[in-house]
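Student: Have a look at this one.
The values are calculated or read from the model by the stated rules, or taken from the named source; none is laboratory data. In this text the structure is predicted, and so the values were computed from the model without any measurement. All Cβ positions, even for glycine, are placed from backbone atoms using ideal geometry, and neighbour counts span all protein chains on display.
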Amino acid sequence: MKHFLKLLDCTTEEIYELLDLAATMKQYVKEGKEHHFLKGKTLGMIFEKSSTRTRISFETGMYQLGGHALFISARDSQIGRGAASPFRIPPACCPAIWTAL
């Protein structure tokens, strides 16, 4: 599994691949083509503070790409009570995690 933490961790080839994929996705949207690049994938979104615009943007994006977004509030979960790191969630359950802590 590759972790995308910063652009400097990627090779030039990987950056070009990401840009090519983004261009393809943008073209599909422009042409009204249905696509499901993230079909069957789940993005866990962990928020410490409420962020309506960010949450809506990520949920909408995941829906448009065929995936699912799972909202996890630090206040309403074990994470907010000092439990184990959210990054210990098994990848099979939630292959991508985004945080706003």
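Student: Being of a type in the set (A, V, I, L, M, F, W, C) and free of Cβ contacts under 8 Å to residues at least 40 places away in the same chain is the filter; apply it to the range 54-68 and report the residue that is nearest to Lys33 (Cα to Cα).
Tutor: Among them, the one singled out is Met62.
Student: Follow-up question, since we're still on this one. Give me the residue from the range 48-73 that is small (Gly, Ala, Ser) and in a strand (DSSP E or B) and, out of that set, surrounded by the most Cβ atoms within 10 Å (Cβ to Cβ).
Tutor: Looking only at the range 48-73, we keep the residues that are small (Gly, Ala, Ser), and these are 50-51, 57, 61, 66-67, 69, 73.
Then keep just the ones that are in a strand (DSSP E or B); that gives 69, 73.
Details: Ala69: 21, Ser73: 15.
The extreme case among them is Ala69.
Student: To continue, here is another question. Consider Leu8 against the criteria (1) part of a helix (DSSP H, G or I); (2) closer than 16 Å to Ala96 by Cα; (3) modelled with pLDDT under 90: it satisfies all of them except one. Which criterion is unmet?
Tutor: So Leu8 meets the others, but not (2).
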